[in-house]
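Notes follow once the structure below has been shown.
Derivation of every value follows stated rules applied to the coordinates shown; laboratory data play no part. Keep in mind that what you see is a predicted model, and the values were worked out from it rather than measured. Ideal geometry is used to build each Cβ from the backbone, glycine not excepted, and the neighbour counts take in all protein chains shown.
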Amino acid sequence: MDFLNALVALTNYIIIPASTYGAQLALGALGVTLIYGILRFSNFAHGDTMAFGTGLAIIVTWGLQAMGVSLGPLPTAMLALPFAIAGTAVLVLVTDRLVYAHYRRVKAKPVTLVMVSVGVMFVMNAVTRFMIGVDDIKFADGARFVISARGFKEATGLAEPLAFRTTQLLTLVTAAIMVAALFWFLNRTRTGKSMRAFSDNEDLALLSGINPNQVVRVTWIIAAGLAVTAGTLYGLDKSFKAFNYFHLLLPIFAAAILGGLGSPLGAIAGGFIIAFSEVGVTYAWKKVATYMIPGFEAEGLLQLLSTEYKFAVSFVILIAVLLFKPTGLFKGKAV
Amino acid sequence: MSGNRTSASQNMGLRYTLVALVLPALFIIEWINGGPNAALGILNMGLISAILALGVNLQWGYAGLFNVGIVGFIALGGLAPVLVAMPPTEGAMSAGGGRIALALLAGIAAIALAIAVNRKAPGKTRIIAVPTVLIAGFAIFRMIFDPGVEAVQAINPSATGFLGGMGLPTLLAWPLGAALAAGAAWAIGKTALGLRSDYLAIATLGIGEIIVAVLKNEEWLSRGVMNVNGIPRPWPVPYEIDIQADAAFIERAAGLGLDPVTASTVLVKLLYTGLFGAVLLALIWLSQRALNSPWGRMMRAIRDNEISAAAMGKDVTRRHLQIFILGSAVCGLAGAMLISLDGQMIPSGYNPLRYTFLIWVMVIVGGSGNNWGSVVGGVLIWYLWIKAEVWGPQIMDLVTASMPPGDLKSHLLDSAAHMRLLVMGLVLILMLRFSPSGLLPER
């Protein structure tokens, strides 16, 4: 019984939240890594692209709710998602045309592009604030739980509760669909293959007649789709606050670098590793330990780090990767 | 060719003249419109901004290093006045201070041991040995550290609840602020330099967030969200209350036709201006000397072509580390000066948009690679940043004046506060695109 309780506590407090968060990070890191692979710079505006897209999704959600449209048990925001992706894709394409395209033409150093993306980040941050303000917004509707804590306790008779929220299930399912679609696209379609070729060797790709403008456009559209989905799922799961997405930048970059910049598979693995470490390190293990080790009385909470330091975890992982394996787990691009 | 050069140098002369005319003009207009206190207030912060911009310019302008964690180095510098100038908390050192110090030493020892193990241990055993050392070290650290922190934070938590400082003069905190920032820069530069240029940016983003998080949460050190108030002023600057009670001062103020309150506030601000101005001039002199020395030429050679500089036998990574530390130290110095101007340390006030990205706008607008450019950018952008707060709502009022009252109008009026961000972002993008060398270009 104690073992089962420990398992339930572990699932409830670590496995479910970390998988959800990991899926959100993975989607974000995929966007970063794709832009890095094709456009060859770290896009600091990615967090604010997520915030902008989520803000758009919230506004469309409000509109749909006002019209009385709903998805039943699912959050209305899922219906708003395609509109938000389309809007954000337009924004990033216009940004690319007005801002980034020039630096590709003059073959600027990557660090210049990084800096330009910081400027873009500023502007997007301001646009998001204009659009939706700086307040905390909760926009999840529909059924709250797939498995509710009380329902689980009554059904199983265990002491530990297990809650599984709709938004968590939704995150996992949506992320799985997105990733499957992305890999199918990259490996099976002509455009996807030309993207990979472009990422591997730009000159060779150009020689074989691949249209660079098309590759760049498609990359931005996919990155926007991934960013908006990740942002909206994160917002549904927690809540929306424009500034939180800036703080997501560090775990997302850490995930992408841990996996190897430019490697989509690495971004997914990186996202989950970061999420599980972050949740595991900031979780108070006292309960699980008490169940697992009979007669054990813990003195403290057995929490390694307080939750305020959760992004220190991604930072430590990032530093370790830079020190020991700068190319990342999945052999990313150049060091 | 020679004609080109003359017109270029004439152009430069014109730019310098314009700047030399416009900046004082802005200051005088502000003095007339807003009074001497407002004008000097902007100038003092402008001088600190100029020092920050100088530090960042060392990294970006001389070496092309992109530091996205300036806020962290400023915050770390800001810790120095707390540690140096605050009076020590009665009994804190004996209650838990010793334990905390011991814990920190143990932590450093664990890291050093891990590094040694990593160097010496053969092949595969490293993969197990290094994490074991680190985890054991962390456990020991927490075992010594936690009771010490509890004891310190239990001492009169509403007024102190932290270690306090050493009760030394505030001016001593300035070099310490620089040293703290330099130490952090050494650690981060050692890991991230020598890899891709993006990696330094991402690593500094991380260290910036972590330093601010530590200051926000470690109450024994900086009182966290409870803030440290009443940090003593640096040496020549008196308190307004004291000089207002001084009969000789009141008489002299009356002789100048000023009431004692205005006269005392202006005098305090002027003394700060003198202090900051002296530091700024010294830094410019040093930077100019460095820029025009063989060392400065080597730095620019590395920035412009790392491969050829490396082929000439220059150790690129070492030089990068050196200049990264120097630039961060200047930021730490400015952070310490900032706190001694405010007289209080508010850890939750360290916002990256204000303390990292605004500094970047200053450097780019001023002209990267040009020290005078950084100074001009620092003062000018600080002026615009302050003014945009006033102008934004006014412009919005004008724009919405003809609109019928309603949701849209009130939404627009509310969002005027975000105008500053938009303006700064646009300025950065437009400068990078159309005038990447800035107001005062590098020659």
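Using the number of other C-beta atoms within 10 angstrom as an exposure proxy, rank B:Asp242, B:Asp407 with the fewest first. Mind showing how you got there, number by number?
Numbers: B:Asp242 10, B:Asp407 7.
In increasing order of surrounding Cβ atoms, one gets B:Asp407, B:Asp242.
Quick one: helix A:190-200 against the long Cα principal axis of chain A, what's the angle to the nearest 10°, folded into 0 to 90?
90
Counting Lys +1, Arg +1, Asp -1, Glu -1, what net charge surrounds A:Leu204 among other residues with beta carbon under 14 Å of its beta carbon?
On the way: positive: A:Lys193, A:Arg196; negative: A:Asp200, A:Glu202, A:Asp203.
With Lys, Arg at +1 and Asp, Glu at -1, the neighbours total -1.
What length, rounded to one decimal in nm, is gained on full extension from A:Ala66 through to A:Ser306, with 0.36 nm per residue of separation minus their alpha-carbon distance? It would help to have the intermediate numbers written out before the result.
Numbers: separation 240, 0.36 × 240 = 86.40 nm, distance 4.11 nm.
In short, 82.3 nm is gained.
Based only on Cα atoms, what Rg/Rh ratio does region A:2-324 have, Rh being taken as Kirkwood's radius? Intermediate results must be reported in sequence, preceding the final value.
Details: Rg = 21.0 Å, Rh = 20.8 Å.
With Rh from the inverse mean 1/r over Cα pairs, Rg/Rh is 1.01.
Using only Cα atoms and rounding to the nearest 10 degrees, what angle (0 to 90) does helix A:166-188 make with the longest principal axis of chain A?
30
Would you please name the GluC sites (Glu not before Pro) within region A:233-333 that are DSSP coil residues with at most 12 other C-beta atoms within 10 Å of their C-beta? Present the calculation step by step, with values, prior to reporting the outcome.
Details: sites: A:Glu278, A:Glu297, A:Glu299, A:Glu308; in loops: A:Glu297, A:Glu299.
Qualifying residues, ordered by number: A:Glu297, A:Glu299.
With a 10 Å cut-off between alpha carbons and a GNM built on chain B, which of B:Thr170, B:Thr89, B:Thr132 moves the most?
Of B:Thr170, B:Thr89, B:Thr132, the most mobile in the Gaussian network model is B:Thr132.
Provide the packing ranking of A:174-186, B:368-380, B:187-199, i.e. peptides ordered by the mean count of other C-beta atoms within 10 Å per residue, highest first. Each step should come with its number before you reach the end.
Details: A:174-186: 15.7, B:368-380: 26.4, B:187-199: 20.6.
Packing proxy ranking, top to bottom: B:368-380, B:187-199, A:174-186.
Residue by residue, what Karplus-based ³J(HN,Hα) values in Hz, rounded to whole numbers, does region B:247-258 have, using 6.51, -1.76 and 1.60 with θ = phi - 60° and x for Gly and Pro?
My calculation for region B:247-258 gives 4, 4, 5, 4, 5, 5, 4, 4, x, 8, x, 10 Hz in order.
So what J values fall out for region B:35-43 if you push phi through Karplus, 6.51 cos²θ - 1.76 cosθ + 1.60 with θ = phi - 60°, rounded to Hz, Gly and Pro as x?
So the J values, rounded to whole Hz, are x, x, 5, 5, 5, 5, x, 5, 4.
Students often forget the sequence filter, so: which lysines lie under 23 Å Cα-Cα from A:Lys138 once same-chain residues fewer than 8 apart are removed?
A:Lys238, A:Lys241, A:Lys310
Is chain B rounded, prolate or oblate when judged by the Cα gyration tensor, a ≥ b ≥ c being the square roots of its eigenvalues, rounded requiring a/c under 1.5 and prolate requiring a/b larger than b/c? Walk me through the numbers on the way to the answer.
Working: a/c = 1.67, a/b = 1.15, b/c = 1.45.
Oblate, because a/c is 1.5 or more while a/b does not exceed b/c.
What is the order of B:Thr262, A:Thr229, fewest Cβ neighbours within 10 Å to most? Mind dumping the intermediate values first?
Numbers: B:Thr262 13, A:Thr229 28.
Least crowded to most crowded, the residues run B:Thr262, A:Thr229.
Report the relative contact order of chain A, percent, no decimals, based on alpha-carbon pairs under 8 angstrom and at least 6 residues apart. Provide the component values of the computation, followed by the final result.
On the way: 544 pairs, mean separation 106.1, N = 335.
Relative contact order here is 32 percent.
Note the angle between two axes, namely the Cα long axis of helix A:244-259 and the longest principal axis of the Cα atoms of chain A, as a number of degrees from 0 to 90, rounded to the nearest 10.
Helix A:244-259 sits roughly 80 degrees off the main axis of chain A.
Need the C-alpha centroid separation for region B:88-160 versus region B:187-225, integer Å.
19
If you place +1 on the Cβ of every Lys and Arg, -1 on the Cβ of every Asp and Glu, and leave all else neutral, what size is the dipole of the protein assembly as shown about its Cα centre, to the nearest 20 Debye? Provide the component values of the computation, followed by the final result.
Values: 53 positive and 38 negative charges, 585 e Å.
In total the dipole reaches around 2800 debye.
Return the single residue from A:Thr282, A:Thr171, A:Thr307 with maximal mean-square fluctuation; model: Gaussian network over chain A, springs between Cα atoms under 10 Å.
A:Thr307
Stretched out fully, how many nm does the piece from B:Arg354 to B:Asp304 gain, at 0.36 nm a residue minus the Cα gap? It would help to have the intermediate numbers written out before the result.
Numbers: separation 50, 0.36 × 50 = 18.00 nm, distance 2.98 nm.
Contour length minus Cα-Cα distance gives 15.0 nm.
Using Cα pairs under 8 angstrom and six or more residues apart, how large is the relative contact order of chain B, in percent?
Working: 649 pairs, mean separation 130.5, N = 443.
Dividing the mean separation by the residue count of chain B yields 29 percent.
Take the alpha carbon gyration tensor of region B:1-144, find the square roots of its eigenvalues, order them as a ≥ b ≥ c, and report rounded if a/c is under 1.5; if not, report prolate when a/b exceeds b/c, else oblate. Could the numbers behind the result be given before it?
Numbers: a/c = 5.76, a/b = 1.74, b/c = 3.31.
Verdict is oblate for region B:1-144.
Using a ≥ b ≥ c from the Cα gyration tensor of the protein assembly as shown (square roots of the eigenvalues), is it rounded, prolate or oblate, where a/c under 1.5 gives rounded and otherwise the larger of a/b and b/c decides, a/b for prolate? Walk me through the numbers on the way to the answer.
On the way: a/c = 1.44, a/b = 1.22, b/c = 1.18.
Verdict is rounded for the protein assembly as shown.
Could you check the simple spin-label distance between A:Trp184 and A:Thr156, using points 7 Å along Cα→Cβ, in nm with one decimal?
3.4
Evaluate E = 1/(1 + (r/R0)^6) for B:Phe434 and A:Met1, where r is the Cβ-Cβ distance and R0 equals 56 Å; express this FRET efficiency to the nearest 0.05.
Details: r = 71 Å, r/R0 = 1.26.
In this case the efficiency is close to 0.20.
For region B:165-247, what relative contact order do you get, as a whole percent, if you take Cα pairs closer than 8 Å and at least 6 residues apart? Don't skip to the end; give the middle numbers.
Values: 32 pairs, mean separation 24.2, N = 83.
For region B:165-247, the relative contact order is 29 percent.
Place +1 on the Cβ of every Lys and Arg and -1 on the Cβ of every Asp and Glu in chain A, take the dipole about the Cα centre, and give the residue among A:Pro17, A:Thr307, A:Ala175 whose Cα lies farthest towards its positive end.
Checking the options against the dipole of chain A, the answer is A:Ala175.
Starting from the amide H of A:Leu74, placed 1.01 Å from N in the peptide plane, find each other amide H under 5 Å away whose residue is 5 or more places distant or on another chain.
Excluding prolines and chain starts, which carry no amide H, the hits are A:Ala143.
Nearest 0.05, what FRET efficiency do B:Ile108 and B:Ala154 give at R0 = 25 Å with Cβ-Cβ as r? Mind dumping the intermediate values first?
Working: r = 26 Å, r/R0 = 1.04.
In this case the efficiency is close to 0.45.
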